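The values are calculated or read from the model by the stated rules, or taken from the named source; none is laboratory data. Predicted, not measured: the structure shown is a model, and the values here were computed from it. When we count neighbours, we look across all protein chains shown, and the Cβ atoms used for this are built from the backbone with ideal geometry, even at glycine.
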Amino acid sequence: MKIKKLAVVLLLPALLTGCWDNVDLADINIVTALGIDKTEDGKIIVTVQVVEPGALQLTSSSQQGAGSFQSKPISVKSYQGETIYDALISMKAIVDKRLFLSTTQVLILGERFCKEGINEALDFMRRNYNTEYLTDVLVARGVTPEEILKIQSDMDAIPAIYIKETAENTAIRAKVKRTTLMELFKEIQNVCNQVTIGQITKVDETTVKTEGTAVFKDGKLVGWLDQYQTRGFLFATNRVKGTVINIPVDDGRMSIEVMHSSGKMEVKFKDGRPSHLSIRVTLEGNIGEYAGEKMFTSPEGVYELEKLLNREIKKEIMMALNKAQKDYSSDIFGFGEFVHKHHPRYWKEVVDEWDDIFSKLPADIQVNAKIRRGGLMKSPLMKYE
(Lines give C-alpha, C1' and ligand atoms only; values in the text may rest on other atoms or scores of the structure.)
Protein backbone atom coordinates (compact mmCIF):
# COMPACT_ATOMS: atom_id res chain seq x y z
CA MET A 1 0.00 0.00 0.00
CA LYS A 2 2.85 2.40 0.82
CA ILE A 3 4.38 1.72 -2.59
CA LYS A 4 1.13 2.60 -4.31
CA LYS A 5 0.74 5.83 -2.36
CA LEU A 6 4.33 6.77 -3.06
CA ALA A 7 3.72 6.19 -6.76
CA VAL A 8 0.81 8.62 -6.63
CA VAL A 9 3.00 11.25 -5.00
CA LEU A 10 5.69 10.77 -7.64
CA LEU A 11 3.22 10.90 -10.52
CA LEU A 12 1.43 14.00 -9.30
CA PRO A 13 4.10 16.52 -10.41
CA ALA A 14 3.90 15.11 -13.95
CA LEU A 15 0.20 16.02 -14.01
CA LEU A 16 0.77 19.56 -12.85
CA THR A 17 1.95 22.53 -14.92
CA GLY A 18 3.29 25.97 -14.10
CA CYS A 19 -0.18 27.48 -13.78
CA TRP A 20 -0.55 25.74 -10.42
CA ASP A 21 1.99 27.92 -8.62
CA ASN A 22 -0.64 30.05 -6.89
CA VAL A 23 -3.15 27.28 -6.21
CA ASP A 24 -3.71 25.82 -2.76
CA LEU A 25 -3.59 22.08 -3.40
CA ALA A 26 -6.04 21.44 -0.57
CA ASP A 27 -8.71 23.34 -2.53
CA ILE A 28 -8.64 21.38 -5.78
CA ASN A 29 -9.56 18.03 -7.30
CA ILE A 30 -7.31 16.78 -10.09
CA VAL A 31 -9.45 14.90 -12.59
CA THR A 32 -7.56 11.92 -14.01
CA ALA A 33 -10.52 10.30 -15.78
CA LEU A 34 -13.98 11.32 -16.89
CA GLY A 35 -16.97 9.09 -17.66
CA ILE A 36 -20.20 10.14 -19.37
CA ASP A 37 -23.35 8.03 -19.63
CA LYS A 38 -27.13 8.24 -19.43
CA THR A 39 -29.52 6.84 -16.87
CA GLU A 40 -32.59 4.81 -17.82
CA ASP A 41 -34.76 7.90 -17.40
CA GLY A 42 -32.59 9.94 -19.77
CA LYS A 43 -30.50 12.00 -17.35
CA ILE A 44 -26.80 12.57 -17.87
CA ILE A 45 -24.52 10.89 -15.36
CA VAL A 46 -20.94 12.15 -15.13
CA THR A 47 -18.31 10.12 -13.29
CA VAL A 48 -14.99 11.62 -12.28
CA GLN A 49 -11.91 9.87 -11.00
CA VAL A 50 -10.01 12.42 -8.96
CA VAL A 51 -6.74 12.74 -7.12
CA GLU A 52 -7.00 14.97 -4.07
CA PRO A 53 -3.62 16.65 -3.48
CA GLY A 54 -4.60 17.58 0.07
CA ALA A 55 -5.16 13.93 0.88
CA LEU A 56 -1.86 13.07 -0.77
CA GLN A 57 -0.04 15.50 1.50
CA LEU A 58 -1.78 14.05 4.55
CA THR A 59 -1.01 10.51 3.43
CA SER A 60 2.65 11.32 2.86
CA SER A 61 3.10 12.94 6.26
CA SER A 62 1.03 10.34 8.11
CA GLN A 63 3.40 7.58 7.01
CA GLN A 64 5.98 9.07 9.37
CA GLY A 65 3.86 8.41 12.46
CA ALA A 66 2.06 5.26 13.46
CA GLY A 67 -1.66 5.49 14.01
CA SER A 68 -2.08 8.72 12.04
CA PHE A 69 -5.29 9.13 10.03
CA GLN A 70 -4.84 8.48 6.33
CA SER A 71 -7.28 9.94 3.80
CA LYS A 72 -7.84 8.13 0.53
CA PRO A 73 -6.10 10.16 -2.23
CA ILE A 74 -8.03 8.69 -5.20
CA SER A 75 -11.81 8.60 -5.39
CA VAL A 76 -14.54 8.03 -7.96
CA LYS A 77 -17.71 10.09 -7.78
CA SER A 78 -20.81 10.20 -9.99
CA TYR A 79 -23.34 12.99 -10.34
CA GLN A 80 -26.51 13.39 -12.40
CA GLY A 81 -27.91 16.36 -14.29
CA GLU A 82 -29.91 17.37 -17.32
CA THR A 83 -26.64 18.16 -19.14
CA ILE A 84 -22.96 17.38 -18.62
CA TYR A 85 -22.32 20.87 -17.32
CA ASP A 86 -25.30 20.61 -14.98
CA ALA A 87 -23.95 17.35 -13.52
CA LEU A 88 -20.51 18.88 -12.91
CA ILE A 89 -22.07 21.92 -11.27
CA SER A 90 -24.00 19.56 -8.98
CA MET A 91 -20.74 17.91 -8.04
CA LYS A 92 -19.04 21.22 -7.31
CA ALA A 93 -21.91 22.26 -5.05
CA ILE A 94 -21.38 19.15 -2.94
CA VAL A 95 -17.60 18.90 -2.99
CA ASP A 96 -16.87 22.64 -3.02
CA LYS A 97 -13.53 22.17 -4.75
CA ARG A 98 -12.25 23.27 -8.13
CA LEU A 99 -12.12 20.62 -10.86
CA PHE A 100 -9.07 20.59 -13.13
CA LEU A 101 -9.98 18.76 -16.36
CA SER A 102 -6.65 19.52 -18.03
CA THR A 103 -5.15 16.47 -16.30
CA THR A 104 -7.74 14.05 -17.73
CA GLN A 105 -6.00 10.94 -19.06
CA VAL A 106 -9.04 9.03 -20.37
CA LEU A 107 -12.64 9.80 -21.30
CA ILE A 108 -14.96 6.78 -21.03
CA LEU A 109 -18.28 7.03 -22.86
CA GLY A 110 -21.18 4.79 -21.86
CA GLU A 111 -23.03 2.53 -24.28
CA ARG A 112 -26.47 4.05 -23.61
CA PHE A 113 -25.10 7.57 -24.02
CA CYS A 114 -23.37 6.71 -27.32
CA LYS A 115 -26.48 5.12 -28.80
CA GLU A 116 -28.27 8.45 -28.40
CA GLY A 117 -25.37 10.46 -29.84
CA ILE A 118 -22.00 11.77 -28.68
CA ASN A 119 -22.25 15.32 -30.00
CA GLU A 120 -23.20 16.74 -26.59
CA ALA A 121 -20.07 15.32 -24.95
CA LEU A 122 -17.81 16.58 -27.73
CA ASP A 123 -19.41 20.02 -27.65
CA PHE A 124 -18.84 20.25 -23.89
CA MET A 125 -15.21 19.14 -24.16
CA ARG A 126 -14.55 21.52 -27.05
CA ARG A 127 -15.94 24.51 -25.16
CA ASN A 128 -14.06 23.75 -21.93
CA TYR A 129 -10.80 25.69 -22.00
CA ASN A 130 -9.19 23.17 -19.62
CA THR A 131 -9.70 20.26 -22.03
CA GLU A 132 -6.66 18.06 -22.67
CA TYR A 133 -6.80 17.21 -26.38
CA LEU A 134 -4.52 14.17 -26.03
CA THR A 135 -7.03 12.48 -23.71
CA ASP A 136 -7.72 8.91 -24.84
CA VAL A 137 -11.40 8.23 -25.64
CA LEU A 138 -12.95 4.77 -25.20
CA VAL A 139 -16.46 3.34 -25.27
CA ALA A 140 -17.44 1.00 -22.43
CA ARG A 141 -19.18 -2.15 -23.66
CA GLY A 142 -21.43 -4.16 -21.36
CA VAL A 143 -20.36 -2.09 -18.36
CA THR A 144 -20.81 1.49 -17.17
CA PRO A 145 -18.03 4.10 -17.14
CA GLU A 146 -18.39 4.23 -13.35
CA GLU A 147 -17.62 0.50 -13.05
CA ILE A 148 -14.57 0.91 -15.28
CA LEU A 149 -13.21 3.84 -13.29
CA LYS A 150 -13.70 2.08 -9.96
CA ILE A 151 -11.25 -0.71 -10.73
CA GLN A 152 -8.33 -1.08 -8.34
CA SER A 153 -5.43 -1.97 -10.61
CA ASP A 154 -2.34 -3.74 -9.34
CA MET A 155 -0.43 -2.29 -12.29
CA ASP A 156 -0.61 1.40 -11.45
CA ALA A 157 -1.50 3.55 -8.46
CA ILE A 158 -3.73 5.76 -10.61
CA PRO A 159 -6.31 3.62 -12.47
CA ALA A 160 -6.69 6.20 -15.26
CA ILE A 161 -3.01 5.89 -16.15
CA TYR A 162 -3.32 2.09 -16.12
CA ILE A 163 -6.26 2.35 -18.56
CA LYS A 164 -4.37 4.75 -20.83
CA GLU A 165 -1.28 2.53 -20.90
CA THR A 166 -3.43 -0.54 -21.58
CA ALA A 167 -4.98 1.19 -24.59
CA GLU A 168 -1.54 2.24 -25.82
CA ASN A 169 -0.17 -1.30 -25.56
CA THR A 170 -3.20 -2.86 -27.24
CA ALA A 171 -3.05 -0.31 -30.07
CA ILE A 172 0.57 -1.28 -30.73
CA ARG A 173 -0.68 -4.82 -31.40
CA ALA A 174 -3.45 -3.46 -33.67
CA LYS A 175 -6.28 -4.88 -31.56
CA VAL A 176 -7.94 -1.55 -30.83
CA LYS A 177 -8.24 1.73 -32.67
CA ARG A 178 -6.67 4.32 -30.40
CA THR A 179 -8.51 7.65 -30.54
CA THR A 180 -7.57 10.89 -28.83
CA LEU A 181 -10.03 13.68 -28.20
CA MET A 182 -8.35 15.82 -30.86
CA GLU A 183 -8.73 13.05 -33.46
CA LEU A 184 -12.34 12.55 -32.47
CA PHE A 185 -13.08 16.25 -32.96
CA LYS A 186 -11.71 15.98 -36.51
CA GLU A 187 -13.59 12.77 -37.31
CA ILE A 188 -16.97 14.00 -36.10
CA GLN A 189 -16.69 17.10 -38.32
CA ASN A 190 -15.67 15.11 -41.42
CA VAL A 191 -18.74 14.31 -43.55
CA CYS A 192 -16.68 11.93 -45.72
CA ASN A 193 -16.39 9.12 -43.18
CA GLN A 194 -18.01 7.85 -40.00
CA VAL A 195 -16.56 7.80 -36.48
CA THR A 196 -14.88 4.85 -34.77
CA ILE A 197 -13.68 4.72 -31.14
CA GLY A 198 -11.79 2.04 -29.21
CA GLN A 199 -13.69 -0.36 -26.96
CA ILE A 200 -13.08 -1.07 -23.28
CA THR A 201 -14.53 -3.87 -21.14
CA LYS A 202 -14.08 -4.94 -17.53
CA VAL A 203 -12.40 -8.32 -16.90
CA ASP A 204 -12.52 -8.26 -13.10
CA GLU A 205 -12.12 -5.82 -10.20
CA THR A 206 -8.49 -5.09 -11.09
CA THR A 207 -8.33 -5.53 -14.86
CA VAL A 208 -9.75 -4.01 -18.04
CA LYS A 209 -9.42 -5.08 -21.66
CA THR A 210 -9.16 -2.67 -24.58
CA GLU A 211 -9.84 -4.76 -27.67
CA GLY A 212 -12.28 -4.05 -30.48
CA THR A 213 -13.89 -0.95 -31.91
CA ALA A 214 -17.15 0.93 -31.48
CA VAL A 215 -18.80 1.81 -34.82
CA PHE A 216 -20.82 4.99 -35.22
CA LYS A 217 -23.15 6.38 -37.83
CA ASP A 218 -24.10 10.05 -37.80
CA GLY A 219 -22.65 10.39 -34.32
CA LYS A 220 -24.59 7.44 -32.83
CA LEU A 221 -23.29 4.03 -31.78
CA VAL A 222 -24.59 1.32 -34.13
CA GLY A 223 -22.36 -1.67 -33.38
CA TRP A 224 -18.95 -3.17 -32.79
CA LEU A 225 -15.93 -4.75 -34.48
CA ASP A 226 -14.14 -7.54 -32.62
CA GLN A 227 -10.35 -7.56 -32.28
CA TYR A 228 -9.79 -9.42 -35.58
CA GLN A 229 -12.21 -7.25 -37.54
CA THR A 230 -10.54 -4.24 -35.93
CA ARG A 231 -7.13 -5.40 -37.16
CA GLY A 232 -8.50 -5.85 -40.67
CA PHE A 233 -9.97 -2.35 -40.52
CA LEU A 234 -6.64 -0.94 -39.32
CA PHE A 235 -4.70 -2.73 -42.08
CA ALA A 236 -7.00 -1.30 -44.76
CA THR A 237 -6.89 2.23 -43.36
CA ASN A 238 -3.08 2.24 -43.05
CA ARG A 239 -3.00 2.37 -39.25
CA VAL A 240 -0.98 -0.77 -38.46
CA LYS A 241 2.52 0.02 -37.26
CA GLY A 242 3.22 -3.50 -36.08
CA THR A 243 1.39 -6.58 -34.87
CA VAL A 244 1.66 -10.35 -34.54
CA ILE A 245 -0.56 -12.66 -36.59
CA ASN A 246 -1.03 -16.35 -35.88
CA ILE A 247 -1.51 -18.45 -38.99
CA PRO A 248 -2.32 -22.18 -39.22
CA VAL A 249 0.34 -24.45 -40.75
CA ASP A 250 0.33 -28.20 -41.32
CA ASP A 251 1.63 -29.20 -37.88
CA GLY A 252 0.56 -26.33 -35.69
CA ARG A 253 0.46 -22.54 -35.67
CA MET A 254 3.05 -19.94 -36.51
CA SER A 255 3.36 -16.37 -35.25
CA ILE A 256 4.37 -13.80 -37.83
CA GLU A 257 5.59 -10.44 -36.55
CA VAL A 258 4.53 -7.65 -38.91
CA MET A 259 7.30 -5.06 -39.05
CA HIS A 260 5.86 -2.69 -41.64
CA SER A 261 2.50 -2.27 -43.32
CA SER A 262 0.96 0.07 -45.88
CA GLY A 263 -2.72 0.28 -46.84
CA LYS A 264 -4.29 2.09 -49.78
CA MET A 265 -8.00 2.47 -50.53
CA GLU A 266 -9.70 3.71 -53.68
CA VAL A 267 -13.13 3.82 -55.23
CA LYS A 268 -12.99 2.72 -58.85
CA PHE A 269 -15.32 4.52 -61.29
CA LYS A 270 -16.88 3.43 -64.56
CA ASP A 271 -19.03 5.65 -66.75
CA GLY A 272 -19.03 8.34 -64.09
CA ARG A 273 -20.34 6.09 -61.33
CA PRO A 274 -18.53 4.04 -58.65
CA SER A 275 -18.09 0.43 -59.75
CA HIS A 276 -16.24 -1.15 -56.83
CA LEU A 277 -14.03 -0.56 -53.81
CA SER A 278 -10.31 -1.29 -53.98
CA ILE A 279 -8.11 -2.13 -51.00
CA ARG A 280 -4.37 -2.80 -51.40
CA VAL A 281 -2.21 -3.81 -48.43
CA THR A 282 1.51 -4.52 -48.54
CA LEU A 283 3.52 -5.63 -45.53
CA GLU A 284 6.77 -7.13 -44.34
CA GLY A 285 7.09 -9.65 -41.53
CA ASN A 286 9.38 -12.07 -39.73
CA ILE A 287 8.74 -15.48 -38.24
CA GLY A 288 8.32 -14.86 -34.53
CA GLU A 289 7.41 -18.27 -33.13
CA TYR A 290 6.79 -21.75 -34.50
CA ALA A 291 6.25 -24.93 -32.50
CA GLY A 292 6.17 -27.40 -35.40
CA GLU A 293 8.93 -29.38 -37.06
CA LYS A 294 8.58 -28.29 -40.69
CA MET A 295 11.36 -26.07 -42.01
CA PHE A 296 10.58 -22.96 -44.02
CA THR A 297 14.07 -22.03 -45.18
CA SER A 298 13.51 -22.66 -48.90
CA PRO A 299 12.00 -20.03 -51.21
CA GLU A 300 9.04 -22.35 -51.74
CA GLY A 301 8.49 -22.66 -47.99
CA VAL A 302 8.62 -18.90 -47.48
CA TYR A 303 6.23 -18.38 -50.40
CA GLU A 304 3.81 -20.84 -48.80
CA LEU A 305 3.88 -18.82 -45.57
CA GLU A 306 3.32 -15.59 -47.47
CA LYS A 307 0.20 -17.04 -49.12
CA LEU A 308 -1.14 -18.13 -45.74
CA LEU A 309 -0.46 -14.69 -44.29
CA ASN A 310 -2.11 -12.97 -47.26
CA ARG A 311 -5.18 -15.15 -46.81
CA GLU A 312 -5.47 -14.43 -43.08
CA ILE A 313 -5.18 -10.66 -43.44
CA LYS A 314 -7.56 -10.58 -46.40
CA LYS A 315 -10.10 -12.54 -44.34
CA GLU A 316 -9.90 -10.01 -41.50
CA ILE A 317 -10.32 -7.08 -43.90
CA MET A 318 -13.30 -8.77 -45.53
CA MET A 319 -14.92 -9.39 -42.13
CA ALA A 320 -14.51 -5.74 -41.14
CA LEU A 321 -15.79 -4.46 -44.48
CA ASN A 322 -18.77 -6.82 -44.39
CA LYS A 323 -19.72 -5.52 -40.94
CA ALA A 324 -19.46 -1.91 -42.07
CA GLN A 325 -21.42 -2.49 -45.27
CA LYS A 326 -24.04 -5.09 -44.47
CA ASP A 327 -24.64 -4.70 -40.74
CA TYR A 328 -24.09 -0.99 -40.15
CA SER A 329 -24.19 0.76 -43.56
CA SER A 330 -21.46 3.05 -42.20
CA ASP A 331 -18.38 4.11 -44.17
CA ILE A 332 -15.91 3.93 -41.30
CA PHE A 333 -13.12 3.22 -43.80
CA GLY A 334 -13.29 6.67 -45.35
CA PHE A 335 -13.92 5.72 -48.98
CA GLY A 336 -16.04 8.87 -49.13
CA GLU A 337 -12.87 10.89 -48.58
CA PHE A 338 -11.42 9.46 -51.81
CA VAL A 339 -14.61 10.26 -53.74
CA HIS A 340 -14.74 13.78 -52.31
CA LYS A 341 -11.13 14.42 -53.36
CA HIS A 342 -11.06 12.78 -56.81
CA HIS A 343 -14.70 13.11 -57.94
CA PRO A 344 -15.96 16.30 -56.26
CA ARG A 345 -18.91 16.86 -58.60
CA TYR A 346 -20.24 13.37 -58.05
CA TRP A 347 -19.67 13.72 -54.30
CA LYS A 348 -21.86 16.82 -54.13
CA GLU A 349 -24.68 14.84 -55.71
CA VAL A 350 -24.47 11.85 -53.35
CA VAL A 351 -23.06 13.19 -50.07
CA ASP A 352 -26.31 12.51 -48.20
CA GLU A 353 -26.68 9.06 -49.75
CA TRP A 354 -23.08 7.91 -49.69
CA ASP A 355 -23.37 5.36 -46.87
CA ASP A 356 -26.13 3.55 -48.76
CA ILE A 357 -24.07 3.57 -51.97
CA PHE A 358 -20.99 2.39 -50.08
CA SER A 359 -22.89 -0.50 -48.52
CA LYS A 360 -23.78 -1.95 -51.95
CA LEU A 361 -20.40 -1.72 -53.69
CA PRO A 362 -18.37 -4.91 -54.29
CA ALA A 363 -14.77 -4.92 -53.12
CA ASP A 364 -11.47 -6.04 -54.60
CA ILE A 365 -9.01 -6.78 -51.76
CA GLN A 366 -5.38 -7.57 -52.50
CA VAL A 367 -2.75 -8.35 -49.85
CA ASN A 368 0.94 -8.71 -50.67
CA ALA A 369 3.01 -9.99 -47.74
CA LYS A 370 6.78 -10.50 -47.77
CA ILE A 371 8.48 -12.56 -45.09
CA ARG A 372 12.03 -11.27 -44.80
CA ARG A 373 13.47 -13.94 -42.51
CA GLY A 374 12.55 -17.58 -42.99
CA GLY A 375 13.62 -20.53 -40.89
CA LEU A 376 12.69 -22.05 -37.57
CA MET A 377 12.85 -20.33 -34.19
CA LYS A 378 12.75 -22.92 -31.41
CA SER A 379 13.35 -20.40 -28.61
CA PRO A 380 11.50 -17.16 -29.41
CA LEU A 381 12.32 -14.06 -27.41
CA MET A 382 8.64 -13.30 -26.81
CA LYS A 383 5.37 -15.16 -26.88
CA TYR A 384 2.26 -13.58 -28.30
CA GLU A 385 -1.42 -14.31 -27.97
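Here are the numbers for the structure shown:
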quantity: Positions within region 149-186 being closer than 13 Å to residue 207 by Cβ and more than 12 Å from the chain's Cα centre (by Cα), in sequence order; calculated: 150, 151, 152, 153, 154, 155, 156, 159, 162
quantity: Residue, farthest from the chain's Cα centre (by Cα), within region 224-270, restricted to residues that are of a type in the set (D, E, K, R) and closer than 24 Å to residue 358 by Cβ; calculated: 270
quantity: Checklist (1) at pLDDT 95 or above; (2) outside any strand (DSSP E or B) applied to residue 367, failing item; calculated: (2)
quantity: Counted residues, region 334-365 - those being free of Cβ contacts under 8 Å to residues at least 12 places away in the same chain and among the aliphatic types (A, V, I, L, M); calculated: 1
quantity: Elements of type helices (runs of 4 or more DSSP H) contained in region 116-221, each with 2 or more residues being at pLDDT below 95, among the hydroxyl-bearing types (Ser, Thr, Tyr) and in the same structural domain as residue 45 (by TED's automatic domain parsing); calculated: 159-172
quantity: Residue list for region 75-90, restricted to those being buried (at least 17 other Cβ atoms within 10 Å of the Cβ) and either hydroxyl-bearing (Ser, Thr, Tyr) or assigned to a helix (DSSP H, G or I) (or both); calculated: 78, 79, 84, 87, 88
